[in-house]
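Q: Take this structure, written in structure tokens, and hold onto it; I'll ask about it next.
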Amino acid sequence: MRFFFIILTIPTLLLCSCSEPKQVESSAPAESPSSSNVQDVTPEEALFRVIESSAEMGDWAKCETSCRSYLDAKYTKRAAQVSYLFAVSFDKRNMNEDALFYYGKVYNRYRGFIVISAPSVQRILEIMWERDMKAGQQVGEGDQVARIEMDDRKACYQNIGLPYINETRNIREKNPDITDEEKALWDSVAALVKKHQASLLIKPMKQAPEEAAEAKAPAPPNR
């Protein structure tokens with residue numbers, strides 16, 4: 001079933017020019033740094049630059065096609081970032097089913113890469129919570145139709161949010177290389193999971209007042 005699951009900061013190459021002794025004679029013009037850099041760009045890097053620039057400009061249709069070309073070519077250097085931007089390209093155009101599916105791929109393949117897995121999980125939780133489809137309903141079209149097996153809100157908490165937090169907690173708490181940005185992204189997911197947990201626990205208590213009253217009753221004193 002297709003549970004179709006920030007823009008990343010790409011390090012900027014800083015070019016430093018150093019002064020050199022002035023030459024008395026020069027028979028050939030010096031090669032410009034820019035022309036040298038262009039020659040050094042591989043097809044993979046050139047395509048990634050197109051992806052990055054289209055995302056920065058908000059051209060999400062172009063971003064989608066460029067990401068698809070990158071992934072179809074089986075390039076690997078930036079595969080994680082491209083997979084994330086591929087999912088974002090659908091999300092930004094409100095193509096929620098596709099967004100869920102491709103965010104899900106990021107969640108499954110790059111779970112330990114917090115800078116992209118955390119925002120992917122965050123969007124999965126937000127989209128599914130808002131969609132709020134119930135077990136038995138159908139999602140998708142044509143030959144892609146599938147039946148929902150668990151209520152969206154319960155599924156996003158129980159099958160996605162909570163497992164993600166449990167499985168990546170050690171990275172957040174013990175990895176000395178984790179950045180402040182990654183910590184903030186992880187903490188945001190953890191807070192949302194906690195909020196969803198509270199909402200899911202409150203609902204059945206409202207449906208069964210007698211159980212709610214029993215839960216609020218003071219515990220008997222220890223003997």
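Q: Kirkwood hydrodynamic radius of the stretch 146-204 from all distinct Cα pairs, in Å?
A: This gives a value of 12.7 Å.
Q: Principal axis lengths of the stretch 42-94 from Cα atoms, whole Å, largest first?
A: 31, 16, 14
Q: What's the magnitude of the charge dipole for the stretch 111-202 around its Cα centre, counting Lys and Arg as +1 and Asp and Glu as -1 at the beta-carbon? Answer in Debye, nearest 20.
A: 320
Q: Something else: Can you list the HN-Hα couplings for the stretch 70-82, worked out from phi with the Karplus curve (6.51, -1.76, 1.60; θ = phi - 60°), rounded to whole Hz and with x for Gly and Pro?
A: 4, 6, 5, 6, 6, 5, 10, 4, 10, 4, 5, 5, 5
Bear in mind these aren't lab numbers, they're just calculated from the coordinates by the rules spelled out. Values in this document were obtained by computation on a predicted structure and should not be read as measured data. Virtual Cβ from ideal backbone geometry, glycine too; neighbours counted across all protein chains shown.
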